[in-house]
Amino acid sequence: MLFPTPQVSSADEGVLASIDEMRDRLRHQVQDRPGKWVAGLRKFLTADAVAASNSIEGFRVSTQDVQDLMDGERDVDVSDENRDETLAYQRMMTYVQSLHDVTDFEYSKSLLNALHWMLQGHRHTRNKPAGQWRAGAVYVTDPRDPRVAAYTAPAAADVPGLMGELVSWLNTGDEDTHPLIRAAMAHLHLVSVHPWADGNGRMSRSLQTLVIAREGVLAPEFSSIEAWLGRPGNTWEYYRELQGRGATYQPDQDVSGWIRFNLTAYHQQAQTVQHRMDQSAAVWDLLTSFADNAGLDERVVSALHDVAVAGRVRRTKYEQAEGLTLQQAQRDLRDLVTAGLLAPVGRTRARYYTEGPRFPASALELARTPFTLSSPYPID
């Protein structure tokens, strides 16, 4: 038995309508103004989701370092364990994102186990197999005391049947329900069954992203709530919301609170992406005008933009973004350092660049001005 999908309240419907409006506006912005900064924003949002989702599980790598690892940088100051977890999750997330327009797509146990192998294959052992249902009991311990089981998952013998129900529901269940609510329910179903020995939290969040991606309205990079869930305060609320479902598997209950929690996440993440998109576009335009007035080649704008919005740029990132040779990228960055626009940090392969003393202050101020998030529901 799976959790029944609850009826949404009138307040929930209002929040859903607001989310749909924001997502539609984002879709039009992406379509109307394709360009390098949009591609860069997509990569940033993917890196932010990977960094955040991994951080929930205790693997802490900054968004900037995740981006560097995604770009193939080797000299990134992270532990081997964090590097492995980051790259495994990024590979799986890239595949999840690529499934958004597959015409003959269907959910299956094999697909879910294959995704789990991508995530956990580097940790595969006899006791904790990757890509296979667990053979024994699994517990979620209380973050305040690891000796206390905050949640005990269903018995291993029940997992194949429950996963069969889940796959069937993913393919044909609640088809008239709003896709964002179906995605939230998919997350809850999977995390409650906890079918694998490890990696269940990230798999559940990834399944939610996959369901959203299959909706096809907006690229999954702009719709995933993993970055929102990874913020410390939100992570605590996430745990609390899941713990509110009970210490054991109790699917015969009302999960309206879970839906409301997810709608808040969708809404605030959409606000965040909208702010980032507007900010990124405005910074790009400002730097384009600056480069034109200063007689700089237009291609250096991407390097300056990365510094403004992400805090740094590496030669490899700039080289790939502009399709340059190694020598061209090195020369451009050297010239920007000479002009006082960039400042090098570190040596040889580990080197990256931050703003120099003559970097346009207006671009930095615009890029680093914080924004506020509003609650989609009235504050009690």
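See the values below:
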quantity: In segment 161-172, the residues that are in contact (Cβ under 8 Å) with a residue 40 or more places away in the chain and either in contact with a strand residue (DSSP E or B) (Cβ under 8 Å, 6 or more places away or on another chain) or farther than 13 Å from Pro251 by Cβ (or both); calculated: Met163, Gly164, Val167, Leu170, Asn171
quantity: In segment 289-324, the residues that are surrounded by fewer than 20 Cβ atoms within 10 Å (Cβ to Cβ), at pLDDT below 95 and of a type in the set (S, T, N, Q); calculated: Thr316, Gln320
quantity: Residue match in segment 125-135 (condition: within 27 Å of Arg91 (Cβ to Cβ) and either without any contact (Cβ under 8 Å) to a residue 12 or more places away in the chain or not assigned by TED's automatic domain parsing to the domain that holds Glu215 (or both)); calculated: yes
quantity: Check on Gln250, at pLDDT 90 or above, under 25 Å from Val66 (Cα atoms) and surrounded by fewer than 20 Cβ atoms within 10 Å (Cβ to Cβ); calculated: no
quantity: Exclusive hit being closer than 26 Å to Trp236 by Cβ, among the aliphatic types (A, V, I, L, M) and crowded, with 18+ Cβ neighbours inside 10 Å, set Val138, Val148; calculated: Val138
quantity: Condition met for Trp196 (in contact with a His (Cβ under 9 Å, 6 or more places away or on another chain) and among the hydrophobic types (A, V, I, L, M, F, W, C)); calculated: yes
quantity: Extreme residue, nearest to Thr288 (Cα to Cα), among residues of segment 21-37 that are without any contact (Cβ under 8 Å) to a residue 12 or more places away in the chain and assigned to a helix (DSSP H, G or I); calculated: Asp32
quantity: Selection count, segment 117-151, where residues are out of contact with any helix residue (DSSP H, G or I) (no Cβ under 6 Å at 6 or more places or on another chain) and under 18 Å from Arg202 (Cα atoms); calculated: 15
quantity: Residue count for segment 221-245, restricted to those that are in contact (Cβ under 8 Å) with a residue 24 or more places away in the chain, over 20 Å from Phe59 (Cα atoms) and part of a loop (DSSP other than H, G, I, E, B); calculated: 2
quantity: Segment 215-241, subset more than 14 Å from the chain's Cα centre (by Cα) and of a type in the set (Gly, Ala, Ser), residue modelled with the highest pLDDT; calculated: Gly233
quantity: Condition check for Thr348: loosely packed, with under 14 Cβ neighbours inside 10 Å, β-branched (Val, Ile, Thr) and not assigned by TED's automatic domain parsing to the domain that holds Thr264; calculated: yes
quantity: Meets criteria (modelled with pLDDT of 85 or more and either more than 24 Å from Ile259 (Cα to Cα) or more than 21 Å from the chain's Cα centre (by Cα) (or both)) for Ser10; calculated: yes
quantity: Test: residue in segment 197-212 that is outside any helix (DSSP H, G or I), within 30 Å of Met277 (Cβ to Cβ) and in contact (Cβ under 8 Å) with a residue 12 or more places away in the chain; calculated: no
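The values are calculated or read from the model by the stated rules, or taken from the named source; none is laboratory data. Since we're looking at a predicted model, the values are computed, not measured. When we count neighbours, we look across all protein chains shown, and the Cβ atoms used for this are built from the backbone with ideal geometry, even at glycine.
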